[in-house]
Every structure is written in structure tokens, then in C-alpha cells.
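The block underneath contains the structure these notes are about, expressed in C-alpha cells.
Quick note: the coordinates plus some simple rules give every number you see, no bench work behind them. Since this is a predicted model, take the numbers as computed values, not measurements. Here the Cβ is made from the backbone with ideal geometry for all residues, glycine too, and neighbour counts use every protein chain on show.
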Amino acid sequence: MSNQFAVNPKLDLVFERFVDAPPRLVWEALTKPEHLKEWYMPRAWGRVARAELDARPGGVFSIDIAVGDGAEVPNLGCVLEAIPMKRLVWTSMLFPGYRPAVFDDVPITAIMTMEAEGSGTRYVFTALHRDEADLEKNRSSGWQQGTEIALDQLVAHVESMK
């Protein structure tokens, strides 16, 4: 799957951060449930109730979010590619084992890349959308803002792991 896509600004959102820590720690924070629980959900909005990630093609990506009143919102997807300390790709368009997904929310394919830069890591998260309407829903729903907050939390969490 590596580099088999071109970013389309009408369909995709790209978030980039520099993390003052090696790619090994960024990978750990992206793939270990105990770390996902620390940064994945903006703290002011809710918390991660459960997290599971099997970092291999066909593996489960599952993060249940507890929001406001404590109601849990499942986020279930399938890992498409996992190259340790380089690239992690998952999609909500498929369930684990590549099973076709049924969803009520805006589906995305998430591409996360890590590249060593000096003593740190250049981290890029790209969210691919089906169409312009899905992209606009994610912009207007607060998803884009929440992702920015979560990525700031990721950076802080990874840097605290050093």
C-alpha cells in the first residue's frame, strides 16, 4: 500500500507534527492500548473506554469512546498496513479480517507515517474521505478540531515517555 495515494485537498485532511522523541516511541503510542487511552480522545470531550489494536494487515483497530453522559461510542476498523516505526494504515470502511463494514458515521482511511528527523520524528496523519460531503461533515462536526487536539496530546504523551 505504501505511497499508493496522492493527497487530494478536496477529499483529504493532513495533519503534521514534530515529536521530540524517536519513531520507536511514536509507534508504541500509536499501537499499544495503554498509550492510545492516554491521547486518542480530547480530554475535555471524553475518554477512551476501551482500546485494541492488532498491528498487522487484517487486524482489529477498535477504540470505544466514552462521551459526556458516559455513553460509549464504538470506533471499529481494520488495519491495512503495519510497518513498524514507519507506517500504520487502518480504515473504518472494513471490519477486522477485511469484512465489509456497516457504519452510521463518516468513514475514513487513516494513513500514519513516521520519519526520523534529527533526534525526533516527523509524524503525518492523513485522513482519506470518500467524497467532499464526508470531508465537510468531518470539518463541521468538530472531528477535525478534535483530531488536532488529540495529536497535540499524542505529542505530549510521547515526549513524556522518553
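Summary of computed values
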read-out: Lysine pair number, Cα distance threshold 22 Å (strictly under), the chain, separation 8 or more or different chains; value: 6
read-out: Inter-site label distance for Arg50 and Lys37 at 7 Å from Cα along Cβ, in nm; value: 1.3 nm
read-out: Estimated inter-spin distance, Glu132 and Asp20, nm [label 7 Å along Cα→Cβ]; value: 4.2 nm
read-out: Stretch gain in nm, segment Arg99-Ala156, where the contour uses 0.36 nm per residue and the Cα spacing is subtracted; value: 17.1 nm
read-out: Axial C-alpha extent at least 24 Å, average Kyte-Doolittle at least -0.5 - helices from the chain (DSSP); value: 143-160
read-out: Förster radius 22 Å - calculated FRET efficiency between Lys10 and Ser141, Cβ distance, rounded to 0.05; value: 0.80
read-out: Burial order of peptide ranges 45-51, 71-77 (average beta-carbon count within 10 Å, highest first); value: 45-51, 71-77
read-out: All Cα pairs of the chain, percent lying beyond 29 Å; value: 11 percent
